[in-house]
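So the structure is just underneath, and the comments pick up after that.
The values are calculated or read from the model by the stated rules, or taken from the named source; none is laboratory data. Predicted, not measured: the structure shown is a model, and the values here were computed from it. A quick note on method: Cβ atoms are made from the backbone with ideal geometry, for glycine too, and the neighbour counts reach across all protein chains shown.
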Amino acid sequence: MIDNAPPPFFKRGLAPTARLAIFSGLALFLMVADGHFHYLNTLRNAFAIVINPLQHAMNAPVRLSAKVGDFFVAQGRLKSENADLKEQQLILTGKMLQFQDLQAENVQLRHLLGAIPRYAQHTTLAEILYSGRDPFARKIIVDRGSLHGVQPGQVVADNIGVIGQVTRVSPAVSEVTLITDKDQAVPVQNVRNGLRAVVFGSGEPGVLDMPYMSFSADLQPGDQLVTSGIDGLYPPGLPVAVISKVERNAAYLFAKISCTPSAGPDRQRQILILSALASAPPPLPPPPESPVKESHGKR
């Protein structure tokens, strides 16, 4: 006789409806028991201990991606802030340099204003624009010209002493030849002993020469030289230079004397242009008549 019953593998057991009813009742029972008597707390804590590492492991990629995103956002923000700070630093540095320049210019102007009472002539305040283009000449260009009353031959000085002389005038600007130029000569007088001499420009910045001085002349390094005023151009008593070197050689009649200018355009940008002296030097006496003409007249 053939057995038509299905094999044990294919046995279905209870019907699905019965299973649903059983499990639903079991769930309700566990919920009521846990709600009133807290029977499942221990089991819940045990499951939490087991599941907690799994939860952290599952959330690790999410946290890592969030941290990576925050890192790149922070890097971008820091770069932007760094660029802004560098720009602000450059702006503040430029303003600080401008402030220091204005402060130095203010000090120079105060010194010039304090030096004006020392000059008996009328003075014109001018500013140095640039140096002359000729590398072999010591000249500067200032922002005052004939429209401002500047004339060729006027003396240029600063709050310390003589700088040079106006040699060319345009309506708005003027050319000033410095005393260090080879074509310039200034009559001077030694403050210590009253000895008079003439200093000439050497053509080099910061160097003046005093040629044709006797080997035995009483001149020493450190002597102050001021304008003597005998030429009628430079007012007397203005500082010109300081003797820096005196070389005496018995083989030569003259001593080799070098001087350092007391003032100069390299120290400041503002200068004073002095008007011509009020009183001109007296005229030279007429030359004496020759003896030949006198004897001829007596005959």
Q: Go through the stretch 122-159 residue by residue and tally those that are in a loop (DSSP other than H, G, I, E, B), within 25 Å of the chain's Cα centre (by Cα) and among the polar types (S, T, N, Q).
A: 1
(Q) Out of everything in the stretch 198-226 that is without any contact (Cβ under 8 Å) to a residue 24 or more places away in the chain and within 19 Å of Leu238 (Cα to Cα), what residue ends up being surrounded by the fewest Cβ atoms within 10 Å (Cβ to Cβ)? (A) Gly222
Q) Can you pull out the residues in the stretch 119-138 that are modelled with pLDDT under 85 and exposed (fewer than 14 other Cβ atoms within 10 Å of the Cβ)? A) Ala120, His122, Arg133, Asp134, Pro135, Phe136
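Given the condition among the aromatic types (Phe, Trp, Tyr), modelled with pLDDT under 80, under 30 Å from Gln270 (Cβ atoms) and part of a helix (DSSP H, G or I), answer yes or no: does some residue in the stretch 77-100 qualify? If you could, list the steps in order and put the result at the bottom.
Taking the stretch 77-100 and keeping what is among the aromatic types (Phe, Trp, Tyr), we get 99.
Checking which are modelled with pLDDT under 80 leaves us with 99.
After this cut, where a residue has to be under 30 Å from Gln270 (Cβ atoms) as well, the list is 99.
Checking which are part of a helix (DSSP H, G or I) leaves us with 99.
Among the residues of the stretch 77-100, at least one is among the aromatic types (Phe, Trp, Tyr), modelled with pLDDT under 80, under 30 Å from Gln270 (Cβ atoms) and part of a helix (DSSP H, G or I), which makes the answer yes.
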Q. Looking at Arg110, Arg19, Arg44, which one is at pLDDT 80 or above and part of a helix (DSSP H, G or I)?
A. Arg19
Q: Restricting attention to the stretch 162-176, report how many residues are buried (at least 22 other Cβ atoms within 10 Å of the Cβ) and outside any strand (DSSP E or B).
A: 0
Q. If Ile243 satisfies every condition in (1) touching a residue at least 24 places away in the same chain (Cβ under 8 Å); (2) in contact with a Gly (Cβ under 9 Å, 6 or more places away or on another chain); (3) closer than 19 Å to Val191 by Cβ; (4) outside any strand (DSSP E or B) but one, which is the exception?
A. (4)
